[in-house]
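Q: Here's a structure for you.
All of the numbers you see were taken from the coordinates with simple rules; none came from a lab. Since the model is a prediction, treat every value here as computed from it, not as a measurement. Note that we place each Cβ from the backbone using ideal geometry, even for glycine, and neighbour counts take in every protein chain shown.
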Amino acid sequence: MPEQVKHDASLILDKIHPQDLPGLLDSINKSAATLSNWQYQYRVLNSTGGLTWLSGHAAPERMPDGSTLWHGYLEDITNTKQYYLELERVNKALKLSQERLDTASENALIGFWQASLDTGELWWSSVIYQIFGFEEATTTPSVALFKNAVHPDDRDMVIQSEKVAQETGLNDVVHRIIRPDGTIRWVHELARMLPVSDSAVATLIGSVQDVTERMQLQQLKSEFISTVSHELRTPLTSIKGALGLVNSGKLGQVPEKMFNLLTVAHSNSERLSHLIDDLLDIEKLAAGKMSFDLQVVSVQKELQHAIRNLQPYAKQFAVIMQLQLVPSALCIKADASRLQQVLTNLLSNAIKFSSHGATVTIGAKHEADKVNIEVTDNGLGIAPEFQPRVFERFAQADGSSSRQRGGTGLGLAICKELVEQMGGSIGFRSVLQQGSTFFVSLPLHQDSSGQLE
Ligand code: ADP
């Protein structure tokens, strides 16, 4: 009690937390001087050696002798106080992590948004206004506003990715936007539907990152590779031609020692020329500049053609190629020369990763509205840890052994792009030391299905 504290201070003062004592005494003196209600929260040492939070409330009354008497009560608020202190701590931590997130979001130019599919409401974080070039104070975000900002050439792509999102729950697309001042930016959108249990209404949450610099760099890199490759191709073609001519002996007998060196030079120039062709192809595919002439093509004829083309190569490795029975009426919709490029790559891989005397088989069968072409070898196989990277550019399982066998590590990356751009898919199964099967699935030409039953 305040009066106890004032008149019998020695009893209690010892128990009051030293940090709270000056403030407590001050509050009592103030209450006595101004006769205003006394109210204070402080800590005392309790009988178990712990601290108890007390909240004191009292009304002062001046006695005839000039002293002051307080009428009031003390309340144990330890639990409430601890609860508030914890809340304060959590709030501080939350504020700090929000600040960190805001800083990261501003530095990486990533904004967040949330859309309610039922009400059409859209919320943008501040960074999105910045990316899209709108004033936050005067702009109300809406789906229409966003769609209007999408670059006209990319609208179909955005619509397509929204369709995919409706089926899979995931939206992942990179496209351009035009800001109100006419400048063009590249953005990467990533979004997903919130699980129904987390939200009563259908809610889509997502992020938008400004990736303009990255895209400009990528474009610069592509242009650089393409220019360098084009510049290299012409002189290399003449070097390759000249070496081939000299080695053929048509210009006169080449001394044996010189012939060996020239053969190495010729084969290296061929390898270099292959690498340049692959680089040009991959850049063309990535830029969407590769044209496809989709025609009805006979699967049997294309497989026979690929086998014929690779016969000399198979001979080098003493590998036998076997064509499995394919119905002659089986036709697909594809670009014949691009298909040859894919088949040649799969067959040459199967050959070069087989042992001497082994057999590589190629066949095709139709399943529903697709035709599956399979190339199988019983060779080296692909290690499980390398399997996820097989279709990556420049990926080779074991640098040294792949180099011995030749190759650029670009072949399968090109095959994947080619097949996908022809509306198909590519995959494989493989067991190390037992062999691999690569399969390509392409759209069946519908008119041929009747004759296949
Ligand atoms: P490369 O020009 O090196 O053959 P690819 O992209 O065609 O490039 O193949 C990438 C890598 O995948 C190869 O270097 C090899 O490690 C592995 N690979 C591809 N096909 C086979 C196969 N049939 N058997 C074993 N490994 C294979």
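Q: Rounded to the nearest 5, what % of DSSP beta bridges with both residues in the chain are antiparallel?
A: In the chain, DSSP labels about 95 percent of beta bridges as antiparallel.
Q: Give, as a single signed number, the net charge of other residues whose beta carbon lies under 12 Å from the beta carbon of LEU94, with Lys and Arg counted +1 and Asp and Glu -1.
A: +2
Q: Determine the relative contact order of the stretch 95-182: mean sequence separation of Cα pairs under 8 Å and six or more apart, normalised by residue count, in whole percent.
A: Averaging sequence separation for qualifying contacts and normalising by length gives 22 percent for the stretch 95-182.
Q: Find out how many positive minus negative residues lie around ARG43, taking Lys and Arg as positive, Asp and Glu as negative, among other residues whose Cβ is under 10 Å from that of ARG43.
A: So the environment of ARG43 carries a net charge of +1.
Q: Something else about it: At a 10 Å Cβ-Cβ cut-off, how would you order LEU410, LEU122, fewest neighbours first?
A: Ranking LEU410, LEU122 by Cβ neighbours within 10 Å, fewest first, gives LEU122, LEU410.
Q: Let me ask you something else. Treating the beta-carbon of each Lys and Arg as +1 and of each Asp and Glu as -1, no other charges, what is the dipole magnitude of the chain about its Cα centre, to the nearest 20 debye?
A: For the chain, the charge dipole is close to 2040 debye.
Q: Next question. When we measure straight from the Cα of LYS250, which lysines land under 22 angstrom away, once same-chain ones fewer than 8 places off are left out?
A: Straight-line reach from LYS250, under 22 Å: LYS240.
Q: Show me the helices of the chain, taken as full DSSP H stretches, that run 27 Å or more along their long axis by Cα and average -1.0 or above in Kyte-Doolittle hydropathy.
A: Counting only whole DSSP H runs, the qualifying helices are 212-248, 256-286.
Q: Okay, moving on. Under the Kirkwood approximation applied to all pairs of distinct alpha-carbon atoms, what is the hydrodynamic radius of the stretch 1-140 in Å?
A: Kirkwood hydrodynamic radius for the stretch 1-140: 19.8 Å.
Q: With Kirkwood's inverse mean 1/r over C-alpha pairs for Rh, give me the Rg to Rh ratio of the stretch 128-174, two decimals please.
A: Using Cα coordinates only, the ratio equals 1.03.
Q: Can you give me the convex hull volume of the Cα atoms of the chain, divided per residue and expressed in Å³?
A: 304 Å³
Q: Please report, in Å, the Rg and the Dmax of the stretch 63-136, where both are computed over Cα atoms only.
A: Both quantities, over Cα of the stretch 63-136: 24.9, 76 Å.
Q: Cross-link list LYS221/LYS370; LYS333/LYS416; LYS163/LYS370; LYS257/LYS352: which exceed 26 angstrom alpha carbon to alpha carbon?
A: Over 26 Å Cα-Cα: LYS221/LYS370; LYS257/LYS352.
Q: Could you order the peptides 144-151, 251-258 from most to least packed, using the average number of other C-beta atoms within 10 Å per residue?
A: Final packing ranking: 144-151, 251-258.
Q: Largest first, please: the extent of the C-alpha atoms of the stretch 2-76 along each principal axis, to the nearest Å.
A: If we take the Cα atoms of the stretch 2-76, the spans are 41, 20, 19 Å.
Q: Two decimals is fine: what's Rg over Rh for the stretch 295-443, C-alpha atoms, Kirkwood radius as Rh?
A: 0.94
Q: Near ARG179, within a Cβ-to-Cβ distance under 15 Å, what is the net charge of the other residues, with Lys and Arg +1 and Asp and Glu -1?
A: -2
Q: Now a separate question. If Rh is defined by the Kirkwood formula over all Cα pairs and Rg also comes from Cα, what ratio Rg/Rh do you get for the stretch 180-236?
A: Value, to two decimals: 1.35.
Q: Computed from the mean reciprocal separation of all distinct C-alpha pairs, what Kirkwood hydrodynamic radius does the stretch 104-233 have, in Å?
A: Taking the inverse mean of 1/r over all distinct Cα pairs, the stretch 104-233 comes out at 16.1 Å.
Q: Relative contact order, percent, of the stretch 2-76 when contacts are C-alpha pairs under 8 Å separated by at least 6 residues?
A: 25 percent
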